[in-house]
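Sharing a structure here in structure tokens format.
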Amino acid sequence: MSTTTRLVTVRPGAARQGARRSSAGTIDRPRRSVLLTVLTGIILVYSLIPLIWLVINATKTQSDLFSTFGLWFGRDFALFDNIARALTYDDGIFLRWFANTLLYVVVGAGGATLLAVLGGYALAKYEFPGRKAVLAVIIGAVAVPGTALAVPTFLMFSSMGLTNTPWSVIIPSLISPFGLYLMWTFAAEAVPTELMEAARIDGASEFRIFWQVAIRLLAPGMVTVLLFTMVATWNNYFLPLIMLRDPDWYPLIIGLNQWNAQAATAGGTAIFDLVLTGSLLTIVPLIIAFLFLQRFWQSGLAAGSVKE
């Protein structure tokens, strides 16, 4: 009797690929989860319905707001007329509020981002006395809500004569403990120490290393912090409410609340159509900023999450 021997050549990785195919397709073709899909759909609907409601009702006249279904258009399409009226109402005060909000965002959020980048980079890459104490204070400050500090801040600014001025909104906005903490953790992974040592050997100063080497590596984290601080400053309500008395210095969110409360005052005129239209105009810059900076924001959140 003769025995026939068959030689089987196994390619490297074939067994691994077979195991991957047999494991319910979890890598190449992930298994679909009906429950996860349903939950995601519910969250999506929950998030979009308020925005859809706002867009639809901004197209209605004052009478249609109370006589038609909230999630469908009215008898007249008045969006452009509402926009024109909102921009010109009360001598164009809406444009003044919009300019104030831009001022608070550019100076406040921009300054907070710059300080967070400088502080986070220094905490991540330099050793100095008291460093651990500073880190502990930052972590503790992240847990303190801003509303808890609003009244002490008001009392301090009142004694300094800074209330009812733009500085009473800008200066507190410059401090962002969460942004500082985020830049600290990001800089620790994004800027290699070896690269800094190589730059020092080439004769570069610490200032030049930061502005010509580290700042480019920190760009995704900077955009992430900028988005967070910009949204926080844009939607800041309680601090301007207690700091400002002059309507000429109101941000958009306080001004729109004043319009909304106008109907409850004696002899006040209800302008709910302008409130909704102004609210729609208020969120448009945020949507544009998120869409434009989305790729930087996503890369900033993912950077440093995986170590090789």
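Each value in this text was obtained by applying a stated rule to the coordinates, not by laboratory testing. None of the values given here were measured: they were computed from a predicted structure. Here the Cβ positions follow ideal geometry from the backbone for every residue, glycine too, while neighbour counts run over all protein chains shown.
Would you order R32, R96, R208 from fewest to most other beta-carbon atoms within 10 Å of each residue's own beta-carbon?
With the fewest neighbours first, R32, R96, R208 line up as R32, R208, R96.
May I pose another question? Using Cβ contacts closer than 10 Å as the measure, can you line up Y46, Y104 from fewest to most?
Fewest-to-most Cβ neighbours within 10 Å comes out as Y46, Y104.
Sort the range 178-244 into rounded, prolate or oblate with this rule: let a ≥ b ≥ c be the square roots of the eigenvalues of the Cα gyration tensor; rounded if a/c is under 1.5, and if a/c is not under 1.5, prolate when a/b is larger than b/c, oblate otherwise.
Verdict is prolate for the range 178-244.
OK, next. Rank these for me by crowding, I215, I254, going from fewest to most other beta carbons within 10 Å.
I215, I254
Where the Cα atoms of the range 80-302 are projected onto their three principal axes, how long is each span, largest first, in whole Å?
On the principal axes, the range 80-302 reaches 73, 42, 27 Å in Cα extent.
Could you go through the range 101-112 in sequence order and give the Karplus-derived ³J(HN,Hα) for each residue, using 6.51 cos²θ - 1.76 cosθ + 1.60 with θ = phi - 60°, rounded to whole Hz, and x for Gly and Pro?
Values per residue, Gly and Pro as x: 4, 4, 4, 5, 6, 5, 7, x, 5, x, x, 5 Hz.
Could you sort 152-163, 228-239 so that the peptide with the highest average Cβ count within 10 Å comes first and the rest follow in order?
Sorting 152-163, 228-239 by mean packing, highest first, produces 228-239, 152-163.
What is the spin-label model distance, in nm, from D90 to F66 if the labels are put 7 Å beyond Cα along the C-beta direction?
Label at D90, label at F66, 2.1 nm between them.
Given the peptides 69-80, 177-188, arrange them by the average over their residues of other C-beta atoms within 10 Å, most packed first.
Ranked by mean Cβ neighbours within 10 Å, highest first: 177-188, 69-80.
Go through the range 234-242 residue by residue and turn each phi into a ³J(HN,Hα) via Karplus (6.51, -1.76, 1.60, θ = phi - 60°); whole Hz please, and just put x for glycine and proline.
Residue by residue, the range 234-242 yields 5, 9, 5, 10, 5, 5, x, 4, 8 Hz.
Taking amide H atoms as placed 1.01 Å from N in the peptide plane, list the residues 5 or more away in sequence, or in a different chain, whose amide H sits under 5 Å from that of I271.
The answer is A263.
Full-extension gain between A188 and S159, please, as 0.36 nm times their residue separation minus the C-alpha to C-alpha distance.
The A188-S159 span can extend by a further 6.5 nm.
I've got another one for you. Roughly speaking, what is the stretch gain from V151 to F77, that is 0.36 nm per residue apart minus the C-alpha to C-alpha distance, in nm to one decimal?
22.2 nm
May I ask you to evaluate 6.51 cos²θ - 1.76 cosθ + 1.60, the Karplus curve with θ = phi - 60°, for each residue of the range 163-173 and list the ³J(HN,Hα) values in order in whole Hz, giving x for glycine and proline?
5, 6, 10, x, 5, 5, 9, 6, 4, x, 6
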